[in-house]
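Since the structure comes first, as structure tokens, the remarks are kept for the end.
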Amino acid sequence: MARKSIEGIIAVMLTPFTSGGAIDHASLERLIDWYVAHQVDVLFAVCQSSEVFFLSLQERADLARFVVEKTAGRRPVVASGHVSDDRVGQLEELQAVAESGCDALILITNRLDPKNEGEAAFRANLDWLLARLPASLPLGLYECPAPYRRLLSDSELSYCAGSGRFVVMKDVCCDLARVAHRARLVAGTPLAIVNANGTIALEAMRAGSKGYSGVFTNIHPDLYAWMYRHRDTHPEMAAELSEFLVLCSVAELMGYPAMAKVALRKMGVFETIACRSLDYDYDKQFWWGGAPIVDKLLAASERMRRRLAAIEAGDTNRSGTDKK
């Protein structure tokens, strides 16, 4: 079976919870449909945005399986879910998630070196897992910031890319020069570098990042999709859009993932804004000067969306004129 392309706008999926604390599957199904409608290319389930470190193994496995089932082939689904320190525990976790039928299984880089001992430990743990995971299952890498950010060295990245088993890496180095260097380093291999930093999203795309996979794929992924797909045909608008998206991304500091859940509740996707990973005060964190910040963020996004639609309509009209 041919591998699916794992690149473009990769949504870092949230996990909705009921007021009683259980996973809200009805909201999750709506969320999947919302991602598809908003031009997401790949769904990344059971990641940090999913509050993976606060989910049981059974919940992680069930979550991945549910996303694969309800996505129903409309988009590729990738999933992580290994949180243990020891590799035996990690193997159990990864095998449970792999059984979901996901299109790629994502390995968290700091779990491959949980004590931050260096390349020898990383390689030993990676090789041990690779020998036991299905050789036919595409893999990915995720430089998850929790519990600590473990960036890959050039030699580690080259080793993974050269194995032929890895198809994507969610890059969190937040350094444009390093993203560009990494893209050159893996050129000619199956591994795609996908930047996760919104501040450099446009520049990283132009430097070789095969898309974007940051937290604001939970607010306006279609705007990132427009920027990615039109960065060369409409460079000036792409630059303006980039500035808008950078300013919007400051809202993450209000308390992510809760602030994204507030937005999705306002859009009719989520029933609650319940989180397991943080406590928050809605009145203090999501209001400014008596006005709800998320409302303003969503309104500004919709105005930008209309501008971009007008540009696309203009392109269609010009194309029709040229054909006459």
Candidate cut points under trypsin sites (Lys or Arg not before Pro) in the range 56-115, DSSP loop plus at most 15 other Cβ atoms within 10 Å of their own Cβ, are ARG74, LYS115
Which of LYS170/LYS261; LYS115/LYS296; LYS70/LYS261; LYS70/LYS170 exceed 31 Å between C-alpha atoms? The answer is LYS115/LYS296
Total charge of the residues flanking LEU152 in space, meaning their Cβ is under 14 Å from its Cβ, with Lys and Arg +1 and Asp and Glu -1, is 0
Looks like the range 18-60, by Cα gyration tensor root eigenvalues a ≥ b ≥ c and the a/c under 1.5 rounded cutoff (else prolate when a/b is bigger than b/c, oblate otherwise), is oblate
Each label sits 7 Å from Cα toward the beta-carbon; between VAL88 and ALA313 the label points are separated, in nm, by 6.4 nm
Relative contact order in percent for the chain (Cα pairs under 8 Å, 6+ apart) equals 18 percent
GNM on the chain, Cα springs under 10 Å; top mean-square fluctuation among ALA310, ALA98, ALA207 goes to ALA310
The answer for GluC sites (Glu not before Pro) in the range 84-114 that fall in a DSSP coil and have at most 16 neighbouring Cβ atoms within 10 Å is GLU99
Extension length gain for LYS266 and GLU236 (0.36 nm per residue less Cα distance), in nm, is 7.7 nm
Answer in debye to the nearest 20: the dipole magnitude of the range 145-294 about its Cα centre, from +1 Lys/Arg and -1 Asp/Glu charges placed on Cβ, is 480 debye
Computed from the beta carbon distance with a Förster radius of 41 Å, FRET efficiency for LYS115 and GLU243 to the nearest 0.05 stands at 0.50
Expected max-MSF residue from PHE244, PHE44, PHE166 in the GNM of the chain (alpha carbon, under 10 Å) is PHE244
To the nearest 20 debye, the chain has a Cα-centred charge dipole, built from +1 on Lys and Arg Cβ and -1 on Asp and Glu Cβ, of 800 debye
Relative contact order as a percentage, the range 1-125, C-alpha pairs under 8 Å and 6+ apart, gives 22 percent
Taking a probe of 1.4 Å and leaving out DNA, RNA and ligands, the chain shows per residue an accessible area in Å² of 42 Å²
Rounded to a whole %, the carbon-and-sulfur portion of the accessible area of the chain at a 1.4 Å probe is 52 percent
For the range 1-90, shape from the Cα gyration tensor axes a ≥ b ≥ c, cut at a/c of 1.5 then a/b versus b/c, turns out oblate
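Can you check what the net charge comes to around HIS220, using other residues whose Cβ is under 10 Å from the Cβ of HIS220 (Lys, Arg +1; Asp, Glu -1)?
For residues surrounding HIS220, the net value is -1.
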Everything considered on the Cα gyration tensor (a ≥ b ≥ c; rounded for a/c under 1.5, else prolate if a/b is larger than b/c, else oblate), the chain must be described as oblate
Both in Å, the radius of gyration and Dmax of the C-alpha trace of the range 183-247 are 11.7, 35
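The values are calculated or read from the model by the stated rules, or taken from the named source; none is laboratory data. Bear in mind that the values here come from a model prediction, so they are computed numbers and not experimental data. Neighbour counts are summed over all protein chains in view; Cβ atoms, including those assigned to glycine, are modelled from backbone coordinates with ideal geometry. With ligands, DNA and RNA removed, areas are computed over all heavy atoms of the protein, side chains included. Shrake-Rupley method; radii C 1.70, N 1.55, O 1.52, S 1.80 Å.
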